[in-house]
Amino acid sequence: MYRLIAYLGILASIILGGILGLFASVLAIGVLQLLGVDFAGSDIKITTGIALGASIGGILAVVRVRRYFRQRRETQLVKHLASVPENAGELIKSIIREMRYRKKVRQEVMAELAAHFEDEVRDCKSDEEKEQKAQQLIADFGDVKLLGVLLRRAKKRCRPLWRTIVARTFQTLGVLILCLIVYLVWFVTGKPVVTVDYVAELNRIVRPVADESLNAAALYHKAAQLYGKPSDDFLLFFAQNYKAFTDEKFPHREKDIAEQIRGLFAKDKNANFNEERQKLQERVTKRLLELLSKKYNEVTPEQKQLIEKWLESNNEALELVIAGSKKPYYWPKYETGEENTGEVMAVLLPHLSEFRKLVYALRWRAWLSVEDGRYEDAFSDIKSCYRFGQHIKGDKSLIEQLVGIAFESLTVRTLRSILSEHKIDSSKLVELQQDFERMTADENFTLSLKFGKLCMYDAIQRCFTEDRLGGGHLSLDGLRLVGSMTDSDLFEFVLEGRHWTTPLHILFTHPNKRESREMTDSYYEFWDEIVHKTPIIRGNLLMENLTPALGRINEISHRTKSEIEVTLTIIAILRYKQDIGSYPENLDKLIEAGLLKASPIDPYSDKPTVYRKTDNNFTVYSVGLNFRDDGGKVAEVNGRLQLLGTEEEGDWVFWPVPKSEIKK
């Protein structure tokens, strides 16, 4: 009856706690909303409040019930001990102390011993007789300590199997928790040890065995520093010709700049003169760089005049690029900034954006030279741009390699554009073709992954502890470093957006330092083989899914190689036309005539690039992204030409050069 009442009381406490939790949650949400706090997911918060209130109510009820039953048992034990002689009571207490077992069991044994003594002295007439009888029983009991041990063992043997299982389970859990605590202390105290300066190793790899005087880096970097700083004469020229820049969206922007320039040079110089001039220089430079990024047929004659004046004012920087491109080597010195952390991932690449601006400027100078009939000057600038791109490539970072590839691709596209718009004498084409063949004879168009591999090695040594038990494990510093790459703190990186088993994986099953290094070696060995494969592997679903990023970059490098080979083929076709009087029937005719060494290979088919004669011209194209010959058709999506085609239709057409629809 008492237990039933107790259970009902616990149930009532749980219900009451849940009700109070509900009211508390609603009240808290209301207060926060009044304070302007956005409290999304209120239903979840209310459910949590109810569960928390019910849990607290249930726990408090259980504590009260257990305390009640314990006091009730203790009261009964006091009654039992009061009915036995004093010396027997002392013996019972001594035995219970020596048992060293659960309190409830000790109380049960105490009650049993008290009942035993009570039964033995029940027939005694006097207290003296009871004392004597009790003393005799005490003597028969033997050693108190041994008796306590035996009673404890007896109780353990008599307990139910489920109690034994529970006891052993908790003992095992206790040992495991202790081991886990020791392991966690050992894990979090591990620190990575940086033993190799991979930035120095990187500088060693990119530098050839050559004297510093053969390095183009100083010339390129100086050109980047000089370029884009308009002189006072150019600012005034811009103010006079600002209408060439007028934009329909911002009709008064250039006019405001022009008025500010005139106002600056009309008044006497004051303390703010240099600061105001610098701001105007930056605004004018930004507008000119936007203009230089456009194609030749996208600008007006007035804008061409501005570009020509701009190129003249930056001639010193451009000539430094020309001089640098004539150097046989380019190797930068990699550094990690003012903090000098020594991390390969922190290596600075400050001049790449400036290099791109210089290439755009040289491209425009080549276009303007062609317009004036100065083909040698134009081809000289084009070849300098190409050598510039070759220099940026090599055993450097993927970003630098992509920039170098972009420079090369931009150069040959510009060259094809010039060849399509102007008839160049065969003798000049011979020299141009021979120069490009010499430049590309030993060029390696495959990606170099040495930088990436060193970056991984450096990350491993900074993320993993020095070789400890288990071969070195992830450290907290390493997790913070990885989290910083994703703009997350340590705990966000480990938990947010990931499966709940991620912390367990990090603690127990994550590959160790040695295994991570072996995985890195295997990964880059795999890519050392893949970079020689053409983009035709895109038809392999396994390759596409396992290696998407590097696969696309590898595709770009093979496209560039194909573009260069096709451009040389187009030059040979134009020479053949001038020498023979007609276009060749096929590319083998060029090889037979000694105008071409080999037919260019289409990276999307691994077959010779398609060449066909037309009525008054010819066409050269690759099958493009869909790996299917669509007859030299250029794909169009939403009015925009897709020069590489799409995965559904279209080819990558090199000749005739596709003309974008420009709004004059």
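The values are calculated or read from the model by the stated rules, or taken from the named source; none is laboratory data. As the structure is a computational prediction, the values presented were derived from the model and not from experiment. A quick note on method: Cβ atoms are made from the backbone with ideal geometry, for glycine too, and the neighbour counts reach across all protein chains shown.
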Q | Sole residue being modelled with pLDDT of 75 or more and on the phi < 0 side of the Ramachandran plot, chosen from Ile15, Ile44 | A | Ile15
Q. Yes or no: Ser417 in contact with a helix residue (DSSP H, G or I) (Cβ under 8 Å, 6 or more places away or on another chain), farther than 27 Å from Tyr198 by Cβ, of a type in the set (Gly, Ala, Ser) and surrounded by fewer than 24 Cβ atoms within 10 Å (Cβ to Cβ)?
A. yes
Q: Search the stretch 13-28 for residues that are outside the structural domain of Ile46 (by TED's automatic domain parsing) and pair each with any residue that is surrounded by 14 or more Cβ atoms within 10 Å (Cβ to Cβ) and among the hydrophobic types (A, V, I, L, M, F, W, C) when their beta-carbon atoms are under 9 Å apart and the residues are at least 6 apart or on different chains.
A: none
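Here's the yes/no breakdown for (1) under 14 Å from Ala115 (Cα atoms); (2) modelled with pLDDT under 70; (3) out of contact with any helix residue (DSSP H, G or I) (no Cβ under 8 Å at 6 or more places or on another chain):
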{"position": "Ile50", "(1), (2), (3)": "no, no, no"}
{"position": "Ser55", "(1), (2), (3)": "no, no, no"}
{"position": "Arg73", "(1), (2), (3)": "no, yes, no"}
{"position": "His80", "(1), (2), (3)": "yes, yes, no"}
{"position": "Gly89", "(1), (2), (3)": "yes, no, no"}
{"position": "Ile96", "(1), (2), (3)": "no, no, no"}
Q) Residue check, His391 against (1) farther than 30 Å from Trp331 by Cβ; (2) touching a residue at least 12 places away in the same chain (Cβ under 8 Å), all met but one. Which one? A) (1)
Q.
Filter the stretch 419-474 down to the residues that are of a type in the set (Val, Ile, Thr) and either at pLDDT 85 or above or more than 15 Å from Thr520 (Cα to Cα) (or both) and list them by number.
A. Ile424, Val430, Thr440, Thr446, Thr465
(Q) Just the residues that are over 12 Å from Arg365 (Cβ atoms) and surrounded by 18 or more Cβ atoms within 10 Å (Cβ to Cβ), please, taken from the stretch 295-308. (A) Val299, Leu306
Q: Restricting attention to the stretch 319-360, report how many residues are in contact with an Asp or Glu (Cβ under 9 Å, 6 or more places away or on another chain), more than 21 Å from Glu408 (Cβ to Cβ) and at pLDDT 80 or above.
A: 0
Q: Search the stretch 365-404 for residues being of a type in the set (Gly, Ala, Ser) and not in a helix (DSSP H, G or I), and hand back the single one that is surrounded by the most Cβ atoms within 10 Å (Cβ to Cβ).
A: Ser397
Q.
Can you list residue pairs whose Cβ atoms sit under 6 Å apart, with the first residue in the stretch 607-632 being more than 19 Å from Glu649 (Cα to Cα) and the second being part of a loop (DSSP other than H, G, I, E, B) and among the aromatic types (Phe, Trp, Tyr)? Count only pairs 6 or more apart in sequence or on different chains.
A. Lys613/Tyr583; Phe618/Tyr583
Q) Quick check: anything in the stretch 535-551 crowded, with 17+ Cβ neighbours inside 10 Å, among the β-branched types (Val, Ile, Thr), within 17 Å of Glu647 (Cα to Cα) and modelled with pLDDT under 55? A) yes
(Q) Testing Val370 on (1) farther than 25 Å from Arg207 by Cβ; (2) without any contact (Cβ under 8 Å) to a residue 12 or more places away in the chain, one condition comes back false. Which one is that? (A) (2)
Q. So which of Ile556, Ile571 ends up being in a helix (DSSP H, G or I), touching a helix residue (DSSP H, G or I) at 6+ places or on another chain (Cβ under 8 Å) and within 22 Å of Glu421 (Cα to Cα)?
A. Ile571
Q: Report, by residue number, each residue of the stretch 178-198 that is assigned to a helix (DSSP H, G or I) and either surrounded by 11 or more Cβ atoms within 10 Å (Cβ to Cβ) or of a type in the set (Ser, Thr, Tyr) (or both).
A: Leu180, Tyr183, Leu184, Trp186, Phe187, Tyr198
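Residue by residue, here is whether (1) within 30 Å of Gln71 (Cβ to Cβ); (2) of a type in the set (Ser, Thr, Tyr); (3) in contact (Cβ under 8 Å) with a residue 24 or more places away in the chain; (4) surrounded by 14 or more Cβ atoms within 10 Å (Cβ to Cβ) holds:
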site: Ala111; (1), (2), (3), (4): yes, no, yes, yes
site: Ala114; (1), (2), (3), (4): yes, no, yes, yes
site: Val121; (1), (2), (3), (4): yes, no, yes, yes
site: Lys130; (1), (2), (3), (4): yes, no, yes, yes
site: Gly148; (1), (2), (3), (4): yes, no, yes, yes
site: Lys155; (1), (2), (3), (4): yes, no, yes, yes
site: Leu161; (1), (2), (3), (4): no, no, no, no
site: Val166; (1), (2), (3), (4): yes, no, no, no
Q: Answer with yes or no whether Ile591 is part of a helix (DSSP H, G or I) and over 30 Å from Tyr524 (Cα atoms).
A: yes
(Q) Take the conditions among the charged types (D, E, K, R), at pLDDT 75 or above and part of a helix (DSSP H, G or I) and apply them to Arg67. Does it pass? (A) yes
**Q.** So Thr567, is it closer than 23 Å to Ile405 by Cβ, at pLDDT 85 or above and of a type in the set (Ser, Thr, Tyr)
**A.** yes
